[in-house]
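Read through the structure below, which is laid out as structure tokens, and then see the notes.
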Amino acid sequence: MSNLLEVRDLKKYYYLGKGAGKEQSGVVRAVDGINLTVKKCETLGLVGESGCGKSSAGRVILCLLPATAGEILYEGQNIEQLSHHQLLPYRRKMQIIFQDQAGSLNPQLTIGNALGEPLLVHRLIREKKELKAKVEHLLELVGLCPDHMCRYPHELSGGQRQRIALARALALNPQLIVCDEPVSALDLSIQAQIINLLKELQQKCGLAYIFIAHDLRVVKHISDRIAVMYLGKIVELADKESLYSRAKHPYTQTLLSSIPRLAPSVPRQPIIFSGDLPSPLCSPAGCHFHTRCPHAFVRCTIEEPLLQTVDFGHTVACHLLDR
Ligand code: SF4
């Protein structure tokens, strides 16, 4: 199957100036040369700790933030270079939902107006009657009833607001949705409902997702392939089965070991990170993970490991592969 999206050597740097109230100046390499592909109807999980650059990657891919370097190919077209006007048709095809459902909805708009707004802005609907029918259809798609049209965001629960955010993303019939930590702020039972809804809508509407999360347990339920990020770089990329059963990178292994199990057949000793995530302002030389890696050796402090293929579709960036 051909790629819907291809990201080549994508970089996003933030340049910090030394001004009033700022202690440091320098460059934050939030996204530092990542390569990704997403096929139609596929879910690519993007995981890593807070500050690893996954949300920046999601926003740059959607051209909500300008890239520092690299290419973003959507159905073969490099959209990174397009003007605001040329980008409009692609904006319809690519949508985003955020972790903060309350913050992503205008508190002064009723749900009906919030859902109708993108349809009017993109001039997809002109008649009031048609708009009402479309909004009702969107509400039905996400499991809500037409009564919700007249309510305001503060009158809904967190789960209902996330359903509205999803309905809003669906309004323009997108092909790709970037889900940026969409369930992190929700209770466990509601998380499961939203994940199931995303899977159902993927089948029904033929959607592809980039699912951003810090929790490998959540990502497992929805992803076909998973990319693990550490300080702006992808350190391991594999299909779900390979990653969960044969993870090769020490960082991925550490993340996996921290997933709680209800009935472990074999007792497992969690691997504990030594130290905190280094500041992205001064990433360690060589392998960025060497300051926390239990297997680090001299080469790791000098030379940056490159992604190597270890199996079909499974790539890892670690010097241990050469030992
Ligand atoms: Fe650890 Fe070295 Fe592999 Fe980095 S390259 S993950 S420091 S063993």
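The values are calculated or read from the model by the stated rules, or taken from the named source; none is laboratory data. Here the structure is a predicted model, which is why all the values come from computation and not from measurement. Reconstructed Cβ throughout: ideal geometry from the backbone, glycine too, with neighbour counts over all protein chains shown.
In segment 282-323, what residues are out of contact with any strand residue (DSSP E or B) (no Cβ under 7 Å at 6 or more places or on another chain), within 10 Å of the ligand (Cβ to nearest atom) and among the small types (Gly, Ala, Ser)?
Gly286, Ala296, listed by residue number.
Taking the stated definitions as given, is Ser104 crowded, with 19+ Cβ neighbours inside 10 Å, within 17 Å of the chain's Cα centre (by Cα) and of a type in the set (Gly, Ala, Ser)? It would help to see each step written out before you state the result.
Working: crowded, with 19+ Cβ neighbours inside 10 Å: yes; within 17 Å of the chain's Cα centre (by Cα): yes; of a type in the set (Gly, Ala, Ser): yes.
Yes: the conditions hold for Ser104.
Out of the residues in segment 92-136 that are in contact with a His (Cβ under 8 Å, 6 or more places away or on another chain) and part of a loop (DSSP other than H, G, I, E, B), which is farthest from Leu166 (Cα to Cα)?
Pro107
Scan segment 119-135 and tell me whether some residue there is surrounded by 13 or more Cβ atoms within 10 Å (Cβ to Cβ), farther than 30 Å from Thr37 by Cβ, among the charged types (D, E, K, R) and touching a residue at least 12 places away in the same chain (Cβ under 8 Å).
yes
Of the numbered conditions (1) modelled with pLDDT of 80 or more; (2) away from the ligand (no atom under 12 Å from the Cβ); (3) among the small types (Gly, Ala, Ser), Ser265 fails exactly one; give the number of that condition.
Against the list (1) modelled with pLDDT of 80 or more; (2) away from the ligand (no atom under 12 Å from the Cβ); (3) among the small types (Gly, Ala, Ser), Ser265 comes up short only on (1).
Restricted to segment 238-260, and to residues that are among the hydroxyl-bearing types (Ser, Thr, Tyr) and in a helix (DSSP H, G or I), which residue is modelled with the lowest pLDDT?
Taking the candidates together, the pick is Ser257.
Restricting attention to segment 147-184, and to residues there that are charged (D, E, K, R) and more than 15 Å from the chain's Cα centre (by Cα), which single residue is surrounded by the most Cβ atoms within 10 Å (Cβ to Cβ)?
Arg163
Tally time: how many residues in segment 63-91 are farther than 20 Å from Pro182 by Cα and either assigned to a strand (DSSP E or B) or of a type in the set (D, E, K, R) (or both)? Steps first, please.
Residues of segment 63-91 farther than 20 Å from Pro182 by Cα: 66-90.
Next, from what is left, pick out any that are either assigned to a strand (DSSP E or B) or of a type in the set (D, E, K, R) (or both): 69-75, 77-78, 80.
Going through segment 63-91 one residue at a time, the tally reaches 10.
Give the residues of segment 46-65 that are surrounded by fewer than 24 Cβ atoms within 10 Å (Cβ to Cβ) and of a type outside the set (Ser, Thr, Tyr), sorted by residue number.
Hits for segment 46-65 are Glu49, Gly51, Gly58, Arg59, Leu62, Cys63, Leu64, Leu65.
Go through segment 282-313 and report how many residues are under 24 Å from the mean Cα position of the chain (by Cα), more than 15 Å from Lys248 (Cα to Cα) and either in a strand (DSSP E or B) or of a type in the set (Gly, Ala, Ser) (or both).
So the answer is 1.
Is segment 206-220 home to any residue that is over 16 Å from the mean Cα position of the chain (by Cα) and more than 17 Å from Lys39 (Cα to Cα)?
Scanning segment 206-220 turns up no residue that is over 16 Å from the mean Cα position of the chain (by Cα) and more than 17 Å from Lys39 (Cα to Cα).
Pairs needed: first member in segment 40-58, touching a residue at least 24 places away in the same chain (Cβ under 8 Å); second member anywhere, among the charged types (D, E, K, R); C-beta distance under 6 Å; at least 6 residues apart or different chains.
Glu42/Asp224; Thr43/Asp224; Leu44/Arg225; Leu46/Lys54; Gly48/Lys54; Ser55/Asp180; Ser56/Lys12; Gly58/Asp180
Among the residues of segment 269-281, which ones are away from the ligand (no atom under 12 Å from the Cβ), among the small types (Gly, Ala, Ser) and more than 25 Å from the chain's Cα centre (by Cα)?
Gly275
Could you please give the count of residues in segment 202-237 that are part of a loop (DSSP other than H, G, I, E, B) and more than 16 Å from the ligand (Cβ to nearest atom)?
Quick first cut of segment 202-237, residues part of a loop (DSSP other than H, G, I, E, B) only: 206-207, 214-215, 221-224, 231-232.
Keeping just the survivors that are more than 16 Å from the ligand (Cβ to nearest atom) gives 206-207, 214-215, 221-224.
Matching residues across segment 202-237 total 8.
Determine whether Leu139 is under 28 Å from Cys63 (Cα atoms), of a type outside the set (Lys, Arg) and part of a helix (DSSP H, G or I).
Criteria met by Leu139.
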